[in-house]
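Data first, discussion second: the structure below is written as structure tokens.
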Amino acid sequence: DAKTTQPNSMESNEEEPVHLPCNHSTISGTDYIHWYRQLPSQGPEYVIHGLTSNVNNRMASLAIAEDRKSSTLILHRATLRDAAVYYCIRHSNYQLIWGAGTKLIIKP
Amino acid sequence: GAGVSQSPSNKVTEKGKDVELRCDPISGHTALYWYRQSLGQGLEFLIYFQGNSAPDKSGLPSDRFSAERTGGSVSTLTIQRTQQEDSAVYLCASSLGQKDTQYFGPGTRLTVL
């Protein structure tokens, strides 16, 4: 059950878009791709999820590659409050399989 | 409350003591999960409950770890004879059903001296 792989950290300027990449080359056909984020000293917070099609919600957009081996979380206009660790996760049946996440740093 | 709650928020114990961690899921959520997070790491799955039964206990690190859920609601994670390597944040999550979005509590930070 291979975990997802993400960059350890990324920096972005406030009010600019952020693209957070994730590789999940061994994902099975029925596994959903979930994204959660975690602020310091808090539990993870759900961001978005998808299976094959691109998804949009009030927090972010999720672009999934056609072969499903990678995906990108898009924050359209980052704010200081978006600074967190972002986890790309395989949702296999009931289990969330977590990688190490990307620490997103937002520069004012 | 509206969200998942956990208690205590912090627990410091001595090596060899037993500890109990509590999770109150969102009302009406049938699925409940326990995870462990070591410093700077992603979450490690421990156990999953559907109602009061635990179909998957495969993530429990050793037989010192056990969990139960009563009344389809509150769950308790018990660690017996704690060791220093048990120090971590223990997170609980609940969801409506097993394939639904999981909502997390704030966690219990366990420190074993």
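Here are the numbers for the structure shown:
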{"quantity": "Subset of segment B:19-39 that is over 13 Å from the mean Cα position of the chain (by Cα) and under 16 Å from A:Gly43 (Cβ atoms) - its residue that is most open to solvent (accessible area, probe 1.4 Å)", "calculated": "B:Leu39"}
{"quantity": "Residue in segment A:73-84 that is within 12 Å of the chain's Cα centre (by Cα), of a type in the set (Ser, Thr, Tyr), more than 10 Å from every other protein chain (Cβ to nearest Cβ) and open to solvent by less than 60 Å² (accessible area, probe 1.4 Å) present", "calculated": "no"}
{"quantity": "Segment A:52-103: number of residues that are assigned to a strand (DSSP E or B) and farther than 29 Å from B:His29 by Cβ", "calculated": "5"}
{"quantity": "Residue in segment A:2-10 that is within 14 Å of chain B (Cβ to nearest Cβ), part of a strand (DSSP E or B) and among the basic types (Lys, Arg) present", "calculated": "no"}
{"quantity": "Per-region count, segment A:1-26, residues β-branched (Val, Ile, Thr), open to solvent by 30 Å² or more (accessible area, probe 1.4 Å) and in contact (Cβ under 8 Å) with a residue 40 or more places away in the chain", "calculated": "1"}
{"quantity": "Test for A:Tyr94: is it touching a residue at least 12 places away in the same chain (Cβ under 8 Å) and within 14 Å of chain B (Cβ to nearest Cβ)", "calculated": "no"}
{"quantity": "Leading residue by the ranking (nearest to A:Thr4 (Cα to Cα)) among those in segment A:39-51 that are assigned to a strand (DSSP E or B) and open to solvent by 20 Å² or more (accessible area, probe 1.4 Å)", "calculated": "A:His49"}
{"quantity": "All positions within segment B:18-40 that are aliphatic (A, V, I, L, M) and touching a strand residue (DSSP E or B) at 6+ places or on another chain (Cβ under 6 Å)", "calculated": "B:Val19, B:Leu21, B:Ile26, B:Ala31, B:Leu32"}
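The values are calculated or read from the model by the stated rules, or taken from the named source; none is laboratory data. None of the values given here were measured: they were computed from a predicted structure. Using ideal geometry, Cβ is built from the backbone for each residue, glycine included, and neighbour counts are taken over all protein chains shown. What goes into the accessible areas is simple: the full protein's heavy atoms, side chains included, and nothing from ligands, DNA or RNA. Shrake-Rupley method; radii C 1.70, N 1.55, O 1.52, S 1.80 Å.
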